[in-house]
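FYI, it's all coordinate maths here, none of it is from the lab. None of the values given here were measured: they were computed from a predicted structure. We place every Cβ from the backbone using ideal geometry, glycine too, and count neighbours over all the protein chains shown.
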Amino acid sequence: MGSYYKFAAVASAVAILALVTPGSAKAADKTITFGMSAPLTGGVATQGIDALKGSQVFIKYLNDKGGVNGYKWDLIAQDDALDPQKTLANIQYLISQKNVFALWGSFGSQQVVALPFIARSKTPFLFVYGINAAFHNPVPPTTFMIIPPAFDEEKAMSDFLGNHLTGDRVFGLLPLNNSTGEEFTSGFKAGAAGKWVKSVQPFETTTTTWQTQLVALRAAGVTDVMIHGADAWTAKIIGEAKRLGMQNVKFYANTSTATPKFFQLAGENAQGTMAVTFSSPPDDESVPGVAKFLAAFAKYEPGYNPGTAALHNWVTGLIIEEAMKNISGEITQEKLVDALERMKDFGSGDILPPVSFSKDKHLGTAGKVRVLEARDGRWKAIGGWVGGK
Amino acid sequence: MNSKADLAVTDFLQLIVSGIQSGIGYALVGLALVLIFQTTRVLNFAQGTMSSVSGFVAYEVIVLHGYSWAVGALVACIAGGLVGAAVERVAMRPILGASSLSLVIATVAVDSIIQNAIQLKWGADIVTLPPPLVGNDFNLSGIYISRTYLVIGVVTVLLLVALALMLKRTLIGLAMQAFADDQFAAELQGISPRTVSRAAWVLGGAIGGLTGVLFGPILYIQLGYMSPVFIYGFTAAVVGGFVSQQGAIVGGLLLGIVEVMAIRYAPSAVSSMLPLLVISAILLIRPSGLFASGAARRVV
């Protein structure tokens, strides 16, 4: 009897250990469950929800055609309100308690706070919508990205502007007052238009007005302003600038501004604004991949106008699907990472440039970006893919 | 052609104007907080979220139903007052007499509940509210004054005058003052704590509602849009000592000016915390705030 109880105790301990230890999660019961942490409330909730909808629509689209390799997908999304503490708690919850197969499509550069925990758990951390350098350097073993770091994105924009703009230009930069803002500034200064930068005016995420920064830029005599921020911030900044008499200043922005929402918020001030982004415009039906994306939304989320974050999660869903197609037998985390690293020149219908990964290159687009211009209520691509390594 | 010195003076004056503009907004939030605290001794951490309800109401009235800005603002104020009354009746009155900490925690819970209610009704989308006065900022020799902030300034002054008259000339105002001075004595005089509490919350809610509407065109209306303003408004009220409306106004203006000066002249590594450091320094010298007399009393 004594030995029976000892055996039962040991068996229970092993069972408990197996349940709580995040390890090589296998896709059980032919359903692969992904986890996602995104700001579903707060100042950038529109983009977090946009990202979530992109994932949800892709999953419906995929499951309706039978899944991939016999597996259907599921998603558990947690709200972090862009708060790093909540992000870490969410990631820990998703991995340790929900035992998700992988994290996919989480939103925001604050996700970097979870990188050490994710590395220890060996959970695939797929395609964060973020621009922090820590997602790339050094290459985290299970992290894959399509969005380049802020430095590369801004350098590409700076090179484009430096090679296309003429005349005497005076540039002002409006970066966020954080590490990503510093990368934004360094990247732009490292590019061809960097020689024109005369004034850098950082701002906080909690700021309610940019008058002080704009007054300083006006005093510097800027002709062009590059903004680091979401669509709502850019719309407000341009509005304030115009009301401060900066009528002839040209404005440029980064990825988070290139959304359909920007036009609603900025109104007529949107016209002529340029933005650098990692993908084709999310509303450009002339791009084959985008047309397919919009058709899926029309079917599964009628009435919803998807933006860049939704497009990001849609196209990365396609990438993951493609990788899984090339896995034989049971799909495991290790096999997925391996399949992604073997991916070469995956075509997404020109949503992205051809996507390739390798063992030491987990940025699938090689940092290539597109420059868009706001024209008559739509984002239009100017030329092809630029930048990259 | 302006000399460099002229331009420097113009820019400095523009900064002062910008600081005053922001500060007036913070002052308005602080005013509502002080009003509620003076009478009920409750630090209302739900004030920002309560204000944002009015912003959404104004959006519905002005943008979706096409009414004028003035009508939208009036309806939004009434909505703010009703929210204040509801919060007082449902969350505060049942625990009247509880410890200060319990009351503060109750307001934190109210904040969370209202945030969820807003998200259920209006979602997480961003919507825009037209400004009360359409057009470019006023340009006075190169110094730009925002039309919206000018309206906020005028409203604040009118509000202060109206409040002063109400507190001195009406029965309910006198009752609120009596409660603020000495609650025990006021009760002995037959003044009902429930009536006074309700009046304070309704008034605080209405002022908060007005603030939410006035800031709508500046901040865009979305869930949590009043949170940054609430933090600064709270700080303004602290600087004022939480005992006088005038103190909240001065505190707000001071905070606004210090903020813009910090952004403009301090290194970016410290500019975000400099205003709060300055305020902390003020409180170290005068812990009860600039306008309170006597020693500070710990309330939480």
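Summary table below
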quantity	calculated
Gyration tensor verdict on the protein assembly as shown (Cα atoms; rounded if a/c is under 1.5, prolate if a/b is larger than b/c, oblate otherwise)	oblate
Length added when fully stretched, A:Tyr300-A:Gln97, from 0.36 nm per residue minus Cα-Cα	70.1 nm
Sequence of B:Val87, A:Val57, B:Val127 once ranked by neighbouring C-beta atoms within 10 Å, starting from the fewest	B:Val127, A:Val57, B:Val87
Contour minus Cα-Cα distance for A:Lys344 and A:Lys361 (0.36 nm per residue)	5.0 nm
Whole-Å distance, taken between Cα centres, linking region B:170-188 and region A:325-374	70
Fewest-first ranking of A:Thr273, B:Thr170, B:Thr10, using other Cβ atoms within 10 Å as the exposure measure	B:Thr170, B:Thr10, A:Thr273
Share of pairwise Cα separations in region B:79-179, more than 25 Å, in percent	52
Shape call, region B:162-292: gyration tensor on alpha carbons, a/c limit 1.5	oblate
Separation of alpha-carbon centers, region A:81-115 and region A:375-389, rounded to whole Å	31
Folded to 0 to 90 degrees: helix A:308-325 orientation relative to chain A principal axis, Cα	40
Residues B:Ile105, B:Ile114, sorted so that the one with the fewest Cβ neighbours within 10 Å comes first	B:Ile105, B:Ile114
Flagged links, alpha-carbon separation over 19 Å, of A:Lys60/A:Lys344; A:Lys65/A:Lys299; A:Lys122/A:Lys361; A:Lys155/A:Lys195; A:Lys155/A:Lys198; A:Lys30/A:Lys98	A:Lys60/A:Lys344
Using θ = phi - 60° and Karplus 6.51 cos²θ - 1.76 cosθ + 1.60, couplings along region A:225-238 (whole Hz; Gly, Pro as x)	10, 9, 10, 9, x, 6, 4, 5, 4, 4, 4, 5, 4, 5
Chain A - percent relative contact order, Cα under 8 Å, separation 6 or more	17
Rh (Kirkwood; distinct C-alpha pairs) - chain B, Å	19.9
Projected-area average for chain A over all orientations - Cα convex hull basis, square nanometres	20.5
Angle in degrees between helix B:227-240 and the longest Cα principal axis of chain B, rounded to the nearest 10	70
Helical mean residue ellipticity (222 nm; -39500 (n - 2.57) per DSSP H run of 4+; nearest 500) of chain B	-23500 deg cm²/dmol
For region B:95-140, average projected area of the Cα convex hull in nm²	6.9
Angle in degrees between helix A:2-20 and the longest Cα principal axis of chain A, rounded to the nearest 10	20
Inter-centroid distance (Cα atoms) of region B:78-93 relative to region A:151-207, Å	48
Other-chain or far-sequence residues with amide H under 5 Å of A:Ser37's (modelled H)	A:Gln78, A:Ser106, A:Phe107
Highest-fluctuation residue, B:Trp69, B:Trp201, B:Trp122 considered, GNM on chain B with Cα pairs under 10 Å	B:Trp122
³J(HN,Hα) computed for each position of region A:54-70 - Karplus, 6.51 cos²θ - 1.76 cosθ + 1.60, integer Hz, glycine/proline x	x, 5, 5, 5, 4, 5, 5, 4, 5, 5, 5, 9, x, x, 10, 6, x
Computed [θ] at 222 nm, helices only, for chain A once each DSSP H run of length n ≥ 4 contributes -39500 (n - 2.57)	-12000 deg cm²/dmol
³J(HN,Hα), Karplus 6.51/-1.76/1.60, whole Hz, each residue of region B:130-147, x for Gly, Pro	x, x, x, 10, 7, x, 5, 4, 6, 10, 10, 6, x, 9, 9, 10, 5, 4
